[in-house]
Each structure stands twice: as structure tokens, then as C-alpha cells.
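Following: one structure in C-alpha cells, then a few remarks.
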Amino acid sequence: MTTVAQTQKQAVVIGAGPAGLMAAEMLSDAGMSVTVCDHKPSVGRKFLMAGKSGLNLTKVESSDTFMNAFTNAKDPLAPIISAFDGDAVQAWATGLGQEVFTGSTGRVFPTVMKASPLLRAWLVRLSEVGVQLNTRWRWTGWDDSKLVFDTPEGTQMLQPDVTVLAMGGASWARLGSTGEWAKVLATDTPFTPFAPANAGIAMDWSSHMEPHFGTALKGIALKSGTYRSRGEAMISRHGFEGGGVYTVSRGVREGHPLMLDLLPDQTVEALTVKLDQPRGKMSTANFMRKALKLDPVKIAVLQEMARPLPQDNKALAKLLKALPVKHDGLRPTDQAISTAGGVKFDAVDDALMLHNRPGVFVAGEMLDWEAPTGGYLISACLATGRWAGQHAAAWAQKG
């Protein structure tokens, strides 16, 4: 007599971040027996870290605007994200008992501003439908068609009907995204090397900047190449950090100059008129503070980048509007919010299955796409995980 367990198709998901867990849910919904393997002692570590700043799940804006954030990857991602768009992400979160709200910039967050309640509810749901979770299982590759894992109990092998790989990129290795999987896949899979995305700008500050460490440079604009942002930048011991910086970091990575506008709401002409006022015995710094309402942090950055300042007022006004930032490039890849690079879309079919490994699907940041912070990253990870899981189940059921 054949039992249900004997006839049930087997699926393995490697990686227990948002993409992997979403793939596991889809596979289980399709009636498959699902095992999730992760090399860390607990799951969703980077997801939980993102939740410390509120867990920006998605963003409410037009579909075209949302997809444009993915630049050169928007075409392959378009059908995947449209199948699980911002509205669907919000419905998914509320379905797990987590109410959400939309901020003034369109960013969507859980009302509790944490990731842990959502993750706990998700894991309970997965457990209730029989998804098995193996932690401290580090995938090391294949032995013929078998998946090989290094575990606390020694080498273990699994031979599922279908596999979803969702092991992340190469940032914040201590949270799980080590990028070590590339050593296995890149030998026979088209692959773009990892690079930092949404990264801070490295600076070798002079001692004059030390009093400003931990201070925000507010009301500024940044640009590098075609990338622009308005907002603020946090001054740290190592350089510039923050959402406004991350938005333009791709331009820096591509080799474009980084330009800082200290007074984005004023024109060069208006600033020149103010600078032409009599200054008496005031120093240039004091005069700018009074005439332009320039705060001490902006003055410090201006002097750090452009000392000695020009004596010509129009030249000074132009400098205030387009200050070249002298920097040492981006912070290291492991310290970036996310990474560019990964498995090229040419290496997978429309279902996200590897051309050279039938039955193996890829999701999340393992794929070669990048986007700015602001809800795009988690949203795309959930969408690609869902897409890969659904198509993996369909492929297995045909076999």
C-alpha cells in the first residue's frame, strides 16, 4: 500500500530569510513536503536587523516609479513583482496579524515598527503546515544530484524533487549572507561579482571633524552620476551614512564624482546676493552662519572639503551648491546594506530555474539585481521567493 508520505513530492529550500521562507510557504501550499535549511542557529537574522529601523516592507507609489528603482533589472523583475506588488505585501503582513501603516513618503511599516512579531507569526504558520526547519545546516554543494550539508551531526545529504536557493548576497556576513555559495555556483553559472550597494561613503576625516561624529548633516542634496537624493547624511567616524547617501552610492561605485548641495532650496544667484552683504570684521564662517543660516556642521564639512575657501562670493556660492566630496570610495561590501551582483538573469529561465540545473530555482538577493532602500529590497525578496516557490512546485508536479 502506498502512503501519502511516499507519494508526496519533496522540496528543499536553502536559506531562511524572507525569500526562502516565502518560497517554503508556496511549496507547502502546493502540497509538497518542505525542508528549510539554514547555516545559522536561528532564522531571519538580516530581516530582524532591518526591523530595528522599523522594517520598511514596501512602498506605495505608481508601478512604473516602483519598478524604475530596479534600473537594469526592472524588465526581468517586472512580472515577478507585479504578481506580488505593494498591496499584496501589505495584505500578506496583515494576514499574519501585523497591522501596517503608510508614512508620509509612501513607505510601509508594521504598526509595531518591529520585525520580530511578524517573523514569529510566519514561523508558526509554517510549522503548522509541516515545514521542517534545519538550522546549522551549511550547504556545500552537490554530490551528483544530492544536496550536501555540513551539520553538527556530520555530513548530511538530501535528494529532493525540487530545490530553491535563497542564500542572500554578501553583506553582513555575521547575519548569514556570506556569499560563499558563489564558490559552488559560479564555476558553471553566469555570475556577476559582488559589489557594495546602499553603502556608506568612506572618509579619512581630519581631527577637526571629530566633534561632529554622530551628527546629521540635514537639509542637503547629493548626486553622483544619474543618482540623486534629498534628505540628510549621518557623519560617522568612518564617513557618511544614511538613506540619502545610500541612494547615490551606486553612482560612486560606478566612478562618478560625488557632489553635495548644502543649500538645495536656494539658487547660486540668491546666495551670491546674501554673500555680497557687508561682513565687517566677521570671519567667513561666522558670516556664512549669520547671512546664510548655515549651521556649524555644514560649515565644518565645507571647510573640510574646500579649505581655503574662495574669496569671490559667486565662486563661494557655486561651491555651496556643488561641493565636490573628497572620499575614499564606498565602505566594504560586508558593511553595505545590500549587494549588487549575483546569478545573472541569463542563467535562469522565466520561472527562475537554473538553465544548467533543472529543478533548482534561485530567489532573493542571490539574483543579480539591486535597488535603493525604501521598501524595494524586502518587497523584491518576498516577490522572487513567492515566484520561485510557485514555479518550483509546478515543475515538480509535472515530473
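Brief remarks follow.
- Residues in region 247-257 include at least one that is closer than 30 Å to Gly168 by Cα and at pLDDT below 95.
- Lone qualifier among Gln311, Gln277 - being polar (S, T, N, Q), in contact with a helix residue (DSSP H, G or I) (Cβ under 8 Å, 6 or more places away or on another chain) and surrounded by fewer than 17 Cβ atoms within 10 Å (Cβ to Cβ): Gln277
- Checking the stated criteria, Leu262 turns out not to satisfy the condition of being over 29 Å from the mean Cα position of the chain (by Cα), farther than 30 Å from Ile81 by Cα and surrounded by 18 or more Cβ atoms within 10 Å (Cβ to Cβ).
- Test for Met26: is it surrounded by fewer than 17 Cβ atoms within 10 Å (Cβ to Cβ), in contact (Cβ under 8 Å) with a residue 12 or more places away in the chain and of a type in the set (A, V, I, L, M, F, W, C): no
- Just one of the listed residues (Ala383, Ala392) is at pLDDT 95 or above, small (Gly, Ala, Ser), more than 24 Å from Pro196 (Cα to Cα) and surrounded by 24 or more Cβ atoms within 10 Å (Cβ to Cβ), namely Ala392.
- All strands (runs of 3 or more DSSP E) inside region 98-144 with 3 or more residues being open to solvent by 30 Å² or more (accessible area, probe 1.4 Å): 100-102, 132-135, 138-143
- Test set (1) surrounded by 20 or more Cβ atoms within 10 Å (Cβ to Cβ); (2) closer than 30 Å to Met209 by Cα - Gly341 fails condition number: (2)
- Test: residue in region 74-94 that is assigned to a strand (DSSP E or B) and open to solvent by 20 Å² or more (accessible area, probe 1.4 Å): no
- Taken over region 241-262, the residue count meeting the criterion of being assigned to a strand (DSSP E or B) and within 18 Å of Gly374 (Cα to Cα) is 1.
- Number of positions in region 29-64 that are surrounded by 19 or more Cβ atoms within 10 Å (Cβ to Cβ), under 17 Å from Ser379 (Cβ atoms) and not small (Gly, Ala, Ser): 7
- Number of the exception - Val43 against (1) in a helix (DSSP H, G or I); (2) under 29 Å from Thr247 (Cα atoms): (1)
- Taken over region 223-240, the criterion of being open to solvent by less than 20 Å² (accessible area, probe 1.4 Å) and either within 15 Å of Thr373 (Cβ to Cβ) or in contact (Cβ under 8 Å) with a residue 40 or more places away in the chain (or both) is satisfied by Ser229, Ala233, Ile235, Gly239, Phe240.
- In region 376-396, the residues that are among the hydroxyl-bearing types (Ser, Thr, Tyr) form Cβ pairs under 9 Å with partners that are outside any helix (DSSP H, G or I) and open to solvent by 30 Å² or more (accessible area, probe 1.4 Å), at six or more places apart or across chains, as follows: Tyr376/Lys59; Ser379/Lys59; Ser379/Asp85.
- Within region 145-167, tally of residues that are open to solvent by less than 30 Å² (accessible area, probe 1.4 Å), closer than 16 Å to Lys40 by Cα and in contact (Cβ under 8 Å) with a residue 60 or more places away in the chain: 3
- Evaluating Leu217 against the criteria (1) farther than 15 Å from Met305 by Cα; (2) open to solvent by less than 10 Å² (accessible area, probe 1.4 Å) leaves one unmet condition, (1).
- Which numbered condition Val362 fails, given (1) open to solvent by 10 Å² or more (accessible area, probe 1.4 Å); (2) within 16 Å of Thr192 (Cα to Cα): (1)
- Considering (1) farther than 27 Å from Arg120 by Cα; (2) of a type in the set (Val, Ile, Thr); (3) surrounded by 19 or more Cβ atoms within 10 Å (Cβ to Cβ), the lone condition that Ile14 does not fulfil carries the number (1).
- Of residues in region 46-73 being part of a loop (DSSP other than H, G, I, E, B) and of a type in the set (S, T, N, Q), the one nearest to the chain's Cα centre (by Cα): Asn56
- Scanning region 157-193 for residues that are farther than 21 Å from Ile378 by Cβ, part of a loop (DSSP other than H, G, I, E, B) and either touching a His at 6+ places or on another chain (Cβ under 7 Å) or not β-branched (Val, Ile, Thr) (or both) turns up Gln159, Pro160, Asp161, Glu180, Ala186, Asp188, Pro190.
The values are calculated or read from the model by the stated rules, or taken from the named source; none is laboratory data. Note that the structure is a prediction, hence the values are computed from the model and not measured. Virtual Cβ from ideal backbone geometry, glycine too; neighbours counted across all protein chains shown. The area values use the complete protein model at the heavy-atom level, side chains included, leaving out ligands, DNA and RNA. Shrake-Rupley method; radii C 1.70, N 1.55, O 1.52, S 1.80 Å.
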